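> The structure that follows is given in the form of structure tokens.
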Amino acid sequence: MKTVLITGSAGFLGCHISQHFSELGWQVIGVDLLAPEKVQLGPKARYARMQLPSPEFSALLRETAPDACIHCAGRASVPLSMSEPAADFHSNTVLTFELLDALRLAAPRCRFILLSSAAVYGNPKSLPVSENTHVAPLSPYGFHKRQCELLCQEFARIYSLPTLAVRIFSAYGPGLRRQVVWDICERLIKSGSLSLSGTGQESRDFIHATDIARALALLSEKAPADGEIYNLSTGRETSIRELAEKLISHLGKNAEPVFDGRNRAGDPLNWQADVGKLSALGFRPEITLEQGLAQVAAWARAELALS
């Protein structure tokens with residue numbers, strides 16, 4: 001049985017990834033700060049509660065000798081990175097270095113997978129963007145994720161630690177209580193109306209959390225892991241206006257989205273991924289946007305009925 005260690009396992013993506021690997025028959029070891037009773041990782045998963053970085057992490061590596069480490073921990077908020085860049089730097093760049101160094105010393109054969117972000121691209125000049133596109137982050141979060149990618153390449157090339165990074169575009173799914181899909185659902189359910197920032201012509205490339213977990217399982221087995229980078233998304237561009245209209249329909253609301261014409265600092269305008277590199281390894285997303293949004297709408301309705 002193979003073993004995967006997942007940092008940030010109590011978070012949105014961490015939960016989905018943990019459960020998927022558990023279903024595939026991996027031994028899952030989750031690491032996070034929440035109390036064990038609040039974490040759902042799978043029936044046979046093990047959970048280690050700790051504040052990273054920690055000497056306990058190195059001890060855990062030596063004890064369990066994981067085959068893969070998927071790094072989901074760290075801040076994932078552009079607005080917070082704009083107002084608190086030091087905290088974002090420490091929770092992303094510094095933490096990534098500490099984990100890589102621990103692996104170098106305690107588990108040098110463990111495959112390290114960094115969850116990076118399309119935020120490293122900023123506002124690309126043309127779409128779709130490939131992994132070779134010039135990076136130009138617009139926020140501290142984007143800069144810090146790029147630094148994490150470079151650290152992965154450093155440890156791969158200098159210490160032969162097997163590493164890779166995935167640039168996730170716009171993740172969504174049940175359990176995510178922030179970002180645009182949740183914001184739209186919450187406003188429609190609570191007020192029946194919908195006011196959003198921007199013009200509505202901004203676009204994103206949305207990928208469901210389950211498909212992200214599937215891609216990571218594939219990369220854990222098939223990727224070279226020599227410091228390379230993969231775009232992780234569907235390759236389909238969706239405008240925010242189109243997204244809003246789909247969610248209005250799924251929630252059964254009679255509303256018209258209103259946009260204020262202002263874009264938030266640090267937010268890119270348009271995203272669409274070139275996913276050819278990941279597709280060449282055999283990955284194909286399985287959950288369509290219509291299916292995923294219907295799922296999220298039902299989940300949000302149930303969640304907000306309890307609040």
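> Rounding to the nearest 10 and keeping the result within 0 to 90°, find how far the Cα-based axis of helix 55-64 lies from the longest principal axis of the chain.
Roughly 70 degrees, rounded to the nearest 10.
> Using the Cα centre of the stretch 181-278 as origin and beta-carbon charges of +1 (Lys, Arg) and -1 (Asp, Glu), tell me which of Asn270, Ala209, Phe259 is placed farthest towards the positive end of the dipole.
Ranked along the dipole, the leading option is Phe259.
> Nearest 10 degrees is fine. How inclined is helix 140-159 to the longest principal axis of the chain, computing both from alpha carbons?
With both axes taken from Cα atoms, the answer is about 30 degrees.
> Further, regarding this structure: Within the stretch 264-292, find all residues whose amide N lies under 17 Å from a label point positioned 7 Å from the Cα of Ser239 along Cα-to-beta-carbon.
From the stretch 264-292, the list is 269-272.
> Among Ala35, Ala297, Ala107, which one shows the biggest mean-square fluctuation in a GNM of the chain, springs joining Cα atoms closer than 10 Å?
Top of the fluctuation ranking is Ala35.
> Provide the gained length on full extension for the span Leu127 to Glu290, in nm with one decimal, where the gain is 0.36 nm per separating residue minus the Cα-Cα distance.
That pair, Leu127 and Glu290, stretches by 56.4 nm at full extension.
> How far is helix 209-222 tilted, in degrees, relative to the longest principal axis of the Cα atoms in the chain, given as a value from 0 to 90 rounded to the nearest 10?
Orientation of helix 209-222: about 30 degrees from the principal axis.
> While we're looking at this one, here's another question. Output ³J(HN,Hα) for the stretch 121-137: one whole-Hz value per residue in order, computed from phi by the Karplus curve 6.51 cos²θ - 1.76 cosθ + 1.60 with θ = phi - 60°, and x for Gly and Pro.
Residue by residue, the stretch 121-137 yields 7, x, 9, x, 6, 8, 10, x, 9, 9, 5, 8, 4, 4, 8, 8, x Hz.
> Under a straight-distance cross-link criterion of Cα-Cα below 22 Å, which lysines are reachable from Lys253, leaving out those fewer than 8 residues away in the same chain?
In chain and number order, the partners are Lys190.
> At 222 nm, what value in deg cm²/dmol follows for the chain if DSSP H runs of at least 4 each add -39500 (n - 2.57) and the sum is divided by all its residues, to the nearest 500?
Taken over the chain, the calculation gives -12500 deg cm²/dmol.
> With N denoting the number of residues in the stretch 1-61, provide Rg(C-alpha) divided by 2.2 N^0.38 Å, to two decimal places.
In units of the globular-protein estimate, the stretch 1-61 measures up at 1.02.
> When the dipole is taken about the Cα centre of the stretch 42-117, and only Lys, Arg (+1) and Asp, Glu (-1) are charged at their Cβ, what size is it in debye, to the nearest 20?
Roughly 340 debye, rounded to the nearest 20.
> Just need the relative contact order of the chain here, percent rounded to a whole number, with Cα pairs under 8 Å and 6+ apart.
Relative contact order comes out at 18 percent.
> Same structure again: Might you report the magnitude of the Cβ-based charge dipole of the chain about its Cα centre, with Lys and Arg at +1 and Asp and Glu at -1, to the nearest 20 debye?
220
> I'd like to compare 129-135, 172-178, 148-154: which one has the highest average count of other Cβ atoms within 10 Å, and what's the full order after that?
148-154, 172-178, 129-135
> Most fluctuating residue of Ser220, Ser160, Ser83 in a GNM of the chain with Cα springs under 10 Å: which is it?
Comparing Ser220, Ser160, Ser83 in a Gaussian network model of the chain, the most mobile one is Ser83.
> Another question, then. Fewest to most neighbouring Cβ within 10 Å: what's the order for Asp88, Asp67?
Listed from fewest to most nearby Cβ atoms, that is Asp67, Asp88.
> Per-residue counts of other Cβ atoms within 10 Å, averaged by peptide: what ranking do you get for 116-122, 284-290, highest first?
Highest mean packing first, the order is 116-122, 284-290.
> Before anything else, pin down the relative contact order of the stretch 149-241: Cα pairs under 8 Å, at least 6 apart, normalised by residue count, whole percent.
Reported as a whole number, the value is 46 percent.
> Of the listed values (1) 60, 50, 43; (2) 57, 43, 39; (3) 56, 50, 44, grab the one calculated as Cα extents along the principal axes in Å from the structure here.
This structure yields the entry labelled (2).
> Need the C-alpha centroid separation for the stretch 177-249 versus the stretch 8-36, integer Å.
21
> Which residue, Ile248, Asn92, Ala107, has the largest displacement toward the positive end of the dipole of the chain when charges sit on each Cβ (Lys, Arg +1; Asp, Glu -1)?
It is Ala107.
> What are the residues whose amide H is under 5 Å from the amide H of Arg46, where those residues sit 5 or more places off or on another chain and H is modelled from the backbone?
Those qualifying (amide H under 5 Å, at least 5 residues apart or on another chain) are Val28, Ile29, Gly30.
> Can you give me the P(r) profile for the stretch 210-283? Cα pairs, bins 10 angstrom wide beginning at 0, each as a whole percent.
For the stretch 210-283, the binned pair fractions read 15, 33, 27, 19, 6, 0 percent.
> Toward the positive end of the charge dipole of the chain, about the Cα centre and with charges on Cβ (Lys, Arg +1; Asp, Glu -1), which of Ala65, Ser77, Phe155 goes farthest?
Checked the options; the winner is Ala65.
> Dipole of the stretch 177-307, Cα-centred, from +1 at each Lys and Arg C-beta and -1 at each Asp and Glu C-beta, to the nearest 20 debye?
340
> So, one more: Give a residue-ordered list of calculated ³J(HN,Hα) values for the stretch 10-17 (Karplus: 6.51 cos²θ - 1.76 cosθ + 1.60, θ = phi - 60°; whole Hz; x for Gly, Pro).
Calculated HN-Hα couplings, in order: 8, x, 4, 5, x, 5, 4, 5 Hz.
> GNM, the chain, Cα, under 10 Å: largest mean-square fluctuation among Gly292, Gly74, Gly282?
Gly282
> Going by amide H atoms built from the backbone, whose H comes under 5 Å of the H on Cys69, apart from near neighbours?
For Cys69, whose amide H was placed from the backbone, the distant partners under 5 Å are Leu5, Arg111, Phe112, Ile113.
Any read-out appearing in this document is the output of simple, stated calculations on the displayed coordinates, not a laboratory observation. None of these values were measured; they are calculated from a predicted model. So basically every Cβ, Gly included, is an ideal-geometry build from the backbone, and we count neighbours across all protein chains shown.
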